[in-house]
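A.B. asks: Attaching a single structure in structure tokens format; questions to follow.
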Amino acid sequence: MHIDIISVVPALLEGPFSHSILKRAEEKGIASVQVHNLRDYAVGKQKQVDDYAFGGGAGMVMMIEPIARCIEALQKERTYDEIIYVTPDGKTFDQPMANTLSMKQNLLILCGHYKGVDERIRERFITQEISIGDFVLSGGELAAAVIADAVIRLIPGVLNDETSALTDSFQDHLLAPPVYTRPAEWQGMDVPEVLLSGHEAKINEWRFDASVRRTKERRPDLLAKSGLVKGELKSNKQ
Ligand code: ADE
């Protein structure tokens, strides 16, 4: 997979892709991310990328021409499966969306700033508008990084067994169960006995029940999507 990101503050995206799992994905040749500075596509001495909003009001609007020039230049290099605009008024990002995007070859993500982009950019080029939650960031860069991270880690070969995506929270509309490591006893706090038993079937049952219980308590809205009848527990202990 290749992800291109268009930004007016490319420095904000220098960190996330040069560490840990995302770096490994790049080194293995499974995924690559390239950040493009929108200002390189602006004209004039000022390299202007924003302008006053028609109709007045506070806040600047990102101009059409630099964005159109940048997208069209990138489209000469690649055919994009999706051209995504990250914006608080987009569809709220979730695990099923990450799963779907992880199966694509080429993604282009446009980061908004100021009051956002001229609407005609959205109409002409954008195939998906995504928000990462009901709050407003100062720009789309961190949202783009969140989406790229969630998507890249799902591509086969990126994660090893210990970090398998199959047991993530949300993968089956359940939150992940609690996890423990050594020491087995710490300041009077014990690890649940079953996890030390080596009995795989019992451990799986305990983890499933703990997932259901946790989801019931914290995210009952998810439980409805999980297909579990009234959040039934394997052990039938509610
Ligand atoms: N840009 C600003 N806020 C955002 C959000 N919540 N999601 C995506 N892009 C954004």
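Nothing in this text is a laboratory measurement; each read-out follows from the coordinates by a stated rule. Just so we're clear, the structure is a prediction, and the values are computed from it rather than from any experiment. Note: ideal-geometry Cβ built from the backbone for every residue, glycine included; neighbour counts use all protein chains shown.
A.B. asks: Select from the range 119-183 those trypsin sites (Lys or Arg not before Pro) which occupy a DSSP coil region and have at most 14 other Cβ atoms within 10 Å, ordered by residue number. List each step's numbers first, then the result.
C.D. replies: Details: sites: 120, 122, 124, 153; in loops: 153.
Hits after loop and neighbour filter: nothing returned.
A.B. asks: In addition: What's the local net charge at residue 86, with K and R +1, D and E -1, over the other residues with C-beta under 10 Å away? All intermediate terms of the calculation are to be shown ahead of the outcome.
C.D. replies: Values: positive: none; negative: 129, 141.
Charge balance near residue 86 sits at -2.
A.B. asks: Work out which chymotrypsin sites (Phe, Trp or Tyr not before Pro) in the chain are exposed loop sites (DSSP not H, G, I, E or B, at most 12 other Cβ within 10 Å) and give the longest gap free of them.
C.D. replies: Details: sites that count: 54, 135.
Between exposed loop sites, the widest span is 136-238.
A.B. asks: Can you check what the net charge comes to around residue 10, using other residues whose Cβ is under 13 Å from the Cβ of residue 10 (Lys, Arg +1; Asp, Glu -1)?
C.D. replies: Every neighbour counted, the sum reads -3.
A.B. asks: Restricting the count to DSSP beta bridges whose residues both fall in the chain, what percent are antiparallel, rounded to a multiple of 5? If you can, show how the numbers build up before the last one.
C.D. replies: Details: 5 of 27 bridges.
Taking every DSSP beta bridge with both residues in the chain, the antiparallel ones total about 20 percent.
A.B. asks: Here is a follow-up. Summing Lys, Arg as +1 and Asp, Glu as -1, what charge do residues with Cβ under 15 Å from the Cβ of residue 25 carry, residue 25 excluded?
C.D. replies: +2
A.B. asks: Using a cut-off of 12 Å between alpha-carbon atoms, which aspartates and glutamates can reach residue 104, once sequence neighbours fewer than 8 places away in the same chain are excluded?
C.D. replies: Residue 104 reaches 81, 82.
A.B. asks: Which whole-Hz ³J(HN,Hα) couplings does the range 176-183 yield from phi under the Karplus relation 6.51 cos²θ - 1.76 cosθ + 1.60, θ = phi - 60°, glycine and proline marked x?
C.D. replies: Running phi through 6.51 cos²θ - 1.76 cosθ + 1.60 with θ = phi - 60° gives 5, x, x, 10, 9, 9, 5, x Hz.
A.B. asks: Among the listed pairs 202/225; 91/216; 23/202; 23/45, give every one whose C-alpha distance is greater than 30 Å. Please report the intermediate quantities before stating the final value.
C.D. replies: On the way: 202/225 25 Å; 91/216 25 Å; 23/202 37 Å; 23/45 36 Å.
Those over the limit are 23/202; 23/45.
A.B. asks: Is it possible to state the helix-based mean residue ellipticity at 222 nm for the chain, with each DSSP H run of 4+ residues giving -39500 (n - 2.57), the sum divided by total residues, to the nearest 500 deg cm²/dmol? What is it?
C.D. replies: Working: 7 runs with 73 residues, N = 238.
Value at 222 nm, helices only, nearest 500: -9000 deg cm²/dmol.
A.B. asks: With the Cα gyration tensor of the range 43-150 in hand, give its eigenvalues times 5 under a square root as the equivalent ellipsoid semi-axes, listed largest first in whole angstrom. Mind showing how you got there, number by number?
C.D. replies: On the way: eigenvalues 115, 66, 23 Å².
Working through the eigenvalues yields semi-axes of 24, 18, 11 Å.
A.B. asks: Amide H of residue 34: which non-local residues (sequence gap of 5 or more, or other chain) have their own amide H closer than 5 Å, using H built in the peptide plane?
C.D. replies: 3, 4, 5
A.B. asks: Further, regarding this structure: In the chain, which longest range has no GluC sites (Glu not before Pro) that are both DSSP loop (not H, G, I, E or B) and surrounded by at most 12 other Cβ atoms within 10 Å? Show your work: numbers first, answer last.
C.D. replies: Numbers: sites that count: 14, 232.
The segment 15-231 is the longest one with no such site.
A.B. asks: If I take every Cα pair under 8 Å that is 6 or more residues apart in the chain, average their sequence separation and divide by the length, what percent do I get for the relative contact order? Before the final figure, lay out the partial values.
C.D. replies: Details: 344 pairs, mean separation 44.9, N = 238.
This gives 19 percent for the chain.
A.B. asks: Of 111, 70, how do they rank once you tally other Cβ atoms within 10 Å and put the fewest first? Display every interim value, and only then the final one.
C.D. replies: Details: 111 28, 70 22.
Result, fewest neighbours first: 70, 111.
A.B. asks: Given H placed 1.01 Å from N in the peptide plane, which residues other than close sequence neighbours of residue 170 have an amide H under 5 Å from its amide H?
C.D. replies: Counting only residues 5 or more places away or on other chains, the set is 175, 176.
A.B. asks: For the range 205-211, what does the Karplus curve 6.51 cos²θ - 1.76 cosθ + 1.60, with θ = phi - 60°, yield as ³J(HN,Hα) per residue in whole Hz, taken in order and with x for Gly and Pro?
C.D. replies: Values per residue, Gly and Pro as x: 5, 4, 5, 4, 4, 5, 4 Hz.
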